[in-house]
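What follows is a short report on a single structure.
The values are calculated or read from the model by the stated rules, or taken from the named source; none is laboratory data. It should be emphasised that the depicted structure is a prediction, and the values quoted were computed from it without experimental measurement. No Cβ is skipped: glycine too gets one built from the backbone with ideal geometry, and neighbour counts run over all protein chains shown. Side chains included, ligands, DNA and RNA excluded: accessible areas come from the protein's heavy atoms. Shrake-Rupley method; radii C 1.70, N 1.55, O 1.52, S 1.80 Å.
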Amino acid sequence: MASVTPATEGLRELVGLSREELLAEMTAMGAEAFRVRQLWHWIYNRGVTDIGAMTTLSKTFRAALAERCGVGRPAVTRALASVDGTRKWLLRFADGQEVECVHIPEEDRGTLCISSQVGCTLTCSFCHTGTQRLVRNLTAAEIVGQVMLARDALGEWPSPQDDRQLTNIVLMGMGEPLYNYDNVAQALRIVMDHEGLSLSRRKITLSTSGIVPMIRRCGAELGVNLAISLHAVTDELRDVLVPINRKYPLAELLDACRTYPGASNARRITFEYVMLKGVNDSPAEARELVRLLAGIPAKVNLIPFNPWPSAPYERSNAAAIKEFSDIVNAAGYSSPVRTPRGEDIMAACGQLKSASVRHRRSALGAEQAPDAP
Ligand code: SF4
């Protein structure tokens, strides 16, 4: 497994470049346009990191290419495996910043949960990542790199069409993906490209805490599934649990969901609802949730809270979670209770965090999304 990143060797990283950017790179080298397709195949279908091994390219061209470009992977600082099969990687990038990503195998699928920021722009009070201030956005290369690394670890090269262990991707790791839209969009276009990693947009879910202006754009441009970090049914409580609610309150958020391009009964929007003891888990809140979802093709994911050090909440008890789920189910919305996975390796929802901290205020300036709180 390659653990060097070309950037550390002053080379141009080819992972994460769009086809247009790869073409510009080829043109700059005086190479023909068809090289783009060849390289795309070697990088994203065969998973090759050694340019010398790309045997459909001439030896001369390979030598010239290797002088200026590289195909890398994030370095793995820690690789953990849970008793339940969940795997977590702590990844380090060329500048030493770190994020986590998690693979969750299930009967009928294998989901990779990837990160989009180091730390997070937002401070949701139930989320471990929310206690880690934003350090920076991930680049498209670093987002795609998580998928490539997981494929390496699962031994899934060449890109299989069937029997994959990595069948789904969720952007539910560290960070708010819609506050890093351009890099996330480029990365997902690469992941969805059918000549390489070839994951269908129907197998990709982007989870947002509710950046209303970007929701519609995401649906129109990427067409991936949408998940909303909802967690409360009143603005008063959601302002505390998901502070971005003060900027985009429930009414605005739910309107954006009602008009989300591509949402239908066959492609429902997932509303994530963390179950916090005595905070948001009453039967009355379950009934209010049903009322709020009227007219939205929705399903609800109930997430028993996963504790983390000094967390200010407790998990709801099983009876309260069941009663809540029954009320929502009875109203016609499927509301499965998510089984915590990888708890023994702190890989469960809301537990991810890295030791990366913000170095200098100035280094962050440009990274902050223009309308971030
Ligand atoms: S729930 Fe998501 S948006 Fe909120 S702090 Fe955690 S990572 Fe950030």
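The figures follow:
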{"read-out": "Estimated FRET transfer efficiency (GLU195, SER264; beta-carbon r; R0 22 Å; 0.05)", "value": "0.20"}
{"read-out": "Crossing angle, helix 59-68 versus the chain [Cα axis fit, 0-90 degrees, rounded to tens]", "value": "60 degrees"}
{"read-out": "Potential lengthening between VAL83 and ASP235 on full extension [0.36 nm per residue; Cα-Cα distance subtracted]", "value": "50.8 nm"}
{"read-out": "Residue-span extension gain [GLU288 to ALA330] - 0.36 nm each, minus C-alpha spacing", "value": "13.8 nm"}
{"read-out": "Kirkwood Rh in Å, taken over all unlike Cα pairs in the chain", "value": "21.4 Å"}
{"read-out": "Max mean-square fluctuation residue, GNM over the chain, Cα-Cα springs under 10 Å, options VAL118, VAL15, VAL233", "value": "VAL233"}
{"read-out": "On Cα atoms only, tilt of 283-292 relative to the major axis of the chain in degrees", "value": "60 degrees"}
{"read-out": "Values of log10 I(q)/I(0), in the order q = 0.13, 0.26, 0.28 Å⁻¹, for region 12-70 under a Debye, Cα-only, solvent-free model", "value": "-0.26, -1.25, -1.51"}
{"read-out": "Helix 318-330 vs. the chain, principal-axis angle (Cα, 0 to 90°, nearest 10)", "value": "90 degrees"}
{"read-out": "The chain, accessible surface, carbon-and-sulfur percent (1.4 angstrom probe)", "value": "52 percent"}
{"read-out": "Net lengthening on full extension, ASP344/LYS299 (0.36 nm per residue, minus Cα-Cα)", "value": "13.4 nm"}
{"read-out": "Cα point-scatterer Debye curve for region 217-326, base-10 log of I(q)/I(0) at q = 0.09, 0.12, 0.19, 0.22 Å⁻¹", "value": "-0.24, -0.43, -1.02, -1.26"}
{"read-out": "Inter-probe distance in nm under a simple model that places probes 7 Å from Cα toward Cβ, at ALA53 and GLU323", "value": "5.7 nm"}
{"read-out": "Residue-averaged [θ]222 nm for the chain, counting only DSSP H segments that reach four residues, each worth -39500 (n - 2.57)", "value": "-8500 deg cm²/dmol"}
{"read-out": "Local electrostatic count at GLY342 - Lys and Arg +1, Asp and Glu -1, tallied over other residues with Cβ under 11 Å", "value": "-1"}
{"read-out": "Among beta bridges that DSSP assigns inside the chain, antiparallel share in %, nearest 5", "value": "45 percent"}
{"read-out": "Dipole magnitude of region 107-263, debye to nearest 20 (Cβ charges: Lys/Arg +1, Asp/Glu -1, about Cα centre)", "value": "320 debye"}
{"read-out": "Relative contact order computed over the chain (Cα-Cα under 8 Å; 6+ residues apart), in percent", "value": "17 percent"}
{"read-out": "1.4 Å probe accessible area per residue over region 220-329, in Å²", "value": "41 Å²"}
{"read-out": "Local electrostatic count, ILE327, Cβ distance below 12 Å [Lys/Arg +1, Asp/Glu -1]", "value": "-2"}
{"read-out": "DSSP bridge orientation in region 86-217 - percent antiparallel, rounded to nearest 5", "value": "65 percent"}
{"read-out": "Approximate spin-label separation ALA28-THR123, in nm, with each point projected 7 Å along Cα-to-Cβ", "value": "4.0 nm"}
